[in-house]
1. If a residue must be more than 17 Å from F211 (Cβ to Cβ) and either surrounded by 16 or more Cβ atoms within 10 Å (Cβ to Cβ) or of a type in the set (S, T, N, Q) (or both), how many such residues does the range 245-269 contain?
2. Which one is farthest from the chain's Cα centre (by Cα), of the residues in the range 179-196 that are part of a strand (DSSP E or B) and of a type outside the set (K, R)?
3. Anything in the range 309-332 that is over 23 Å from R381 (Cβ atoms) and assigned to a helix (DSSP H, G or I)? List them, or say none.
4. Scan the range 333-380 residue by residue and report those that are of a type outside the set (S, T, N, Q), part of a loop (DSSP other than H, G, I, E, B), more than 27 Å from D398 (Cβ to Cβ) and out of contact with any helix residue (DSSP H, G or I) (no Cβ under 7 Å at 6 or more places or on another chain).
5. Please state which of the following conditions G344 fails to meet, knowing it meets all the rest: (1) more than 23 Å from Q226 (Cα to Cα); (2) surrounded by fewer than 19 Cβ atoms within 10 Å (Cβ to Cβ); (3) in contact with a Pro (Cβ under 9 Å, 6 or more places away or on another chain).
6. Quick check: anything in the range 279-300 in contact (Cβ under 8 Å) with a residue 60 or more places away in the chain, of a type in the set (K, R), out of contact with any helix residue (DSSP H, G or I) (no Cβ under 6 Å at 6 or more places or on another chain) and within 26 Å of P204 (Cβ to Cβ)?
7. State whether one or more residues within the range 159-178 are in a strand (DSSP E or B), modelled with pLDDT of 95 or more and under 30 Å from A237 (Cα atoms).
8. May I ask you to verify whether P282 is more than 30 Å from G171 (Cα to Cα) and within 27 Å of the chain's Cα centre (by Cα)?
Amino acid sequence: MVGAVPKLRADTRAHRTTSGVYARALRIGLICALVPLSLTLVQCGRAPNPAALAANSQANTQVVAKTKVASGDTFDDRFPAPQFTDRFPSASESLLLRQMSDFSPKRAVQQQPEQAAYKVASLEPQVPYQRPQREDLTTLVSMKSSAFPYFGNNPASDAPFLNISKGDRRGHRSYSGRVYWQDETYSDSRVLVHVPEHFDVRKPGVIVVFFHGNGATLERDVRDRQLVPQQVTDSGANAILLAPQMAVDAADSSAGKFWQAGGLKRFMAESADHLARLTGDPNSARAFANMPIVIVGYSGGFLPTAWSLEVGGISDRVRGVVLLDAVYGELDKFASWIESHRSGFFVSSYTHYTARRDRELMSTLRQKGISVSEDMDGPLRPGTVVFVQTGDGITHRDYVNRAWTRNPLKDVLVKMSETPSLALTRVAATNSSASSR
């Protein structure tokens, strides 16, 4: 027993020695591991080193350059720029276009009982939907029955109208002696057609046939300078406009096909079909074919006006004739129509250029017992005959825009629409801006 105790104490001392060595080694190992980590954590609170970033960037660039072909994992490879076809796919690649009806609920095969009508609450009153008004329609239409081309005779001489030739070209020598060639001056078959947005074929209306003067074209002069379509619209009358191209930009009043018997009748019949198509109702051709007519002749337009009244074939449809500084001749034809058509009206406004012939026509009518007025203050009624002389400040060139008043054609249509017996309805009020033009 005595020997046992010392041995136990020796073993204990050896164990303690060994444990101390292990503890010291463990502490040293932990310190070695924590020191680098602490240094890293300290760096997290500092700004990055620009030199280190530059070096890393250069290294990465070199690595990418070496591996570009092999890996194919560059920025451009991963995020390619969009191509044109990506933004604008072809028709076969595009999404299918759908209508709003594609998204509405489909009806069941078996019809359900009709649901009671219901209202949706609103904080403000709802304005009922109104369809937008139709816009004015102004266009050029080629018509076979228009004034030109014309290959007939000149009734003044009973000789061929195209009385000059040069090689393959044919032309006409005018009264002034100047030669106008057919392909330049007498080949335009177009007609200026104007339908105001308020026009209603179901109501009483009128067709205005406008014969322009010398040296004019439909677009430059009739539409843009003389504003004839605008005057028709601004009148508010239920009226449409037909203006055939006469001699193109020439000092010539030739009537072309309107010289021929039935020329105006054929022109109005063809126009009726065009108007029916243009207004979107093919069934309205009959209404256009029977609609009353007002013929307006300006300056050289007196010649086709006179012949249309004399041989046009439908003079009974003509409810009115308006001459704007245009009585240069054919007085017998105008007097004959006035005397035999007392249901229509006649207006002639003139400057000093045509004063002599207008006074001669007035004298002829008075001798026939026809009352003649010399102002436009009164209403236009069936049988009204008016001659109005305008002052020296009124020029012939601007006569369609300013005669006895501004926009004389508009004034005639307004006065005409105020007389129900002339079979014309005024369906639109003239606004203040239009009146001031």
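The values are calculated or read from the model by the stated rules, or taken from the named source; none is laboratory data. Not measured: the values here are computed from a predicted model. Quick reminder, even Gly has a Cβ in these numbers, built from the backbone with ideal geometry, and neighbours come from all protein chains shown.
1. 1
2. In the first step, residues of the range 179-196 are kept if they are part of a strand (DSSP E or B); the result is 179-181, 190-195.
Filter once more, keeping what is of a type outside the set (K, R): 179-181, 191-195.
Working: V179: 38, Y180: 34, W181: 34, V191: 18, L192: 15, V193: 14, H194: 12, V195: 13 Å.
Checking each candidate, the answer is V179.
3. Start the filter on the range 309-332 by keeping residues that are over 23 Å from R381 (Cβ atoms), which leaves 310-313, 325, 328-332.
Matches in the range 309-332: E310, V311, L331, D332.
4. Result: R342, G344, G369.
5. Against the list (1) more than 23 Å from Q226 (Cα to Cα); (2) surrounded by fewer than 19 Cβ atoms within 10 Å (Cβ to Cβ); (3) in contact with a Pro (Cβ under 9 Å, 6 or more places away or on another chain), G344 comes up short only on (2).
6. Initial filter on the range 279-300 (in contact (Cβ under 8 Å) with a residue 60 or more places away in the chain): 279, 281, 284, 287-288, 291-300.
Still in the list and also of a type in the set (K, R): none.
There is no residue in the range 279-300 that is in contact (Cβ under 8 Å) with a residue 60 or more places away in the chain, of a type in the set (K, R), out of contact with any helix residue (DSSP H, G or I) (no Cβ under 6 Å at 6 or more places or on another chain) and within 26 Å of P204 (Cβ to Cβ).
7. Within the range 159-178, not a single residue is in a strand (DSSP E or B), modelled with pLDDT of 95 or more and under 30 Å from A237 (Cα atoms).
8. Numbers: more than 30 Å from G171 (Cα to Cα): yes; within 27 Å of the chain's Cα centre (by Cα): yes.
Yes; evaluated as a whole, the condition is true for this residue.
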